Amino acid sequence: MAYRDIVVYLDVGEDCAARVRTAIDVAVKHQARLIGVNVSTKEALEGESRDLARAIEAEFAAAGRKAGLDFQYHAARPEAHDAEQLFSHCADLLVTTQPHPDRRHLSNSAVPKEVLVTAGVPMLVLPTGWTGEDAIGEQVVIAWNFSRESTRAVHDAMPILKAARKVFLFVFASNYSDTNADVQEIKRHLEQHGVRVTLEGWRNRGETDFTSALFAGLDRESADLIVCVAYGHSPLFEDMFGGATRDLLNNISMPVLMSH
């Protein structure tokens, strides 16, 4: 798999420019076409932010030309609510930002949560306040649990994993050991793809939870991206993103590449 079409969602929020910079960096690295999708709401188009909303297409096109990218632009209807209407089906990767609590009304509420679980496409979710100045994908942590969903997440992230300088395979289990046959099997599979893997397991003794253990490991390894799965089948956000997945989606410090 390779990333050939990357969708970046555009709005009038303060995080949009940095989101576009990061999407451009990823598109250039993977020689992909960049597709900007404007997800402004009616309130953004008609209110005080109207002039900013009208400038979105021109600013995106200018950034794409400057980077020398093949790019396209689409404006989603303000009432769009599903993956098809938000142009996410014909893409290999989606790029967005965690919604800012003060500006949710300016951007389509289906992004990221509903799109993530309906598009069948991995999504790079950037933290609020992301500057776009830091590299993504140099040192990556895979949150792995031997499930079908984790397998999907790893394969969706493979272009990034193959290009990374270092990949940490994080396993949280009561019987974890570097020498476990299943641990070694996924390590060998990643290495067959040219991924440079370091095992970072955590033996679960009931003293901490998965998310706390994961972020403790991240502090040690200076990772710049988490690859993980988004569980759930309910259309309700609180049902979809319970537990560790919701904690990861809502973390405020690190980009997360999620698959469903």
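A few points about this structure:
- Around the amide H of Phe168, modelled in the peptide plane, lie the amide H atoms of Val140, Val141, Ile142, Thr198, all under 5 Å away and 5 or more residues distant in sequence or on another chain.
- The chain - percent relative contact order, Cα under 8 Å, separation 6 or more: 20
- For Leu199, net neighbour charge (Lys/Arg +1, Asp/Glu -1) across residues whose Cβ lies under 9 Å away: -1
- Net length gained if the chain between Ala62 and Glu149 were fully extended (0.36 nm per residue, minus Cα distance): 27.5 nm
- Couplings for the stretch 64-69, taken from phi via the Karplus curve 6.51 cos²θ - 1.76 cosθ + 1.60 with θ = phi - 60°, read x, 5, 4, 7, x, 8 Hz in order; Gly and Pro are left as x.
- Residue-averaged [θ]222 nm for the chain, counting only DSSP H segments that reach four residues, each worth -39500 (n - 2.57): -10000 deg cm²/dmol
- Ordered by the number of other Cβ atoms lying within 10 Å of each residue's own Cβ, fewest first, Trp130, Trp144 fall into the sequence Trp130, Trp144.
- Ascending count of other beta-carbon atoms within 10 Å, so fewest first, for Arg54, Arg19, Arg148: Arg148, Arg54, Arg19
- Under 5 Å between amide hydrogens, built in the peptide plane, is the criterion, and for Leu10 it picks out Val37, Asn38, Val39 among residues at least 5 positions away or on other chains.
- Computed over the stretch 44-144: relative contact order in percent, which uses C-alpha pairs under 8 Å that are six or more apart: 24
- Amide H within-cut-off set for Ala119, under 5 Å, with H built and near neighbours excluded: none
- Beyond 20 Å in Cα-Cα separation lie the following of the pairs Lys29/Lys162; Lys42/Lys66; Lys66/Lys113; Lys113/Lys162; Lys66/Lys162: Lys42/Lys66; Lys66/Lys113; Lys113/Lys162; Lys66/Lys162.
- Gain on full stretching of the segment that runs from Glu133 to Ser109 - 0.36 nm per residue minus C-alpha separation: 6.0 nm
- Of the beta bridges in the chain, as assigned by DSSP with both residues counted there, near 10 percent are antiparallel.
Every number in this text was worked out from the coordinates using simple rules, so none of it is lab data. The structure presented is a predicted model; accordingly, all values stated were derived computationally and were not measured. Positions of Cβ are generated from backbone atoms using ideal geometry, with glycine treated the same way; all protein chains shown enter the neighbour counts.
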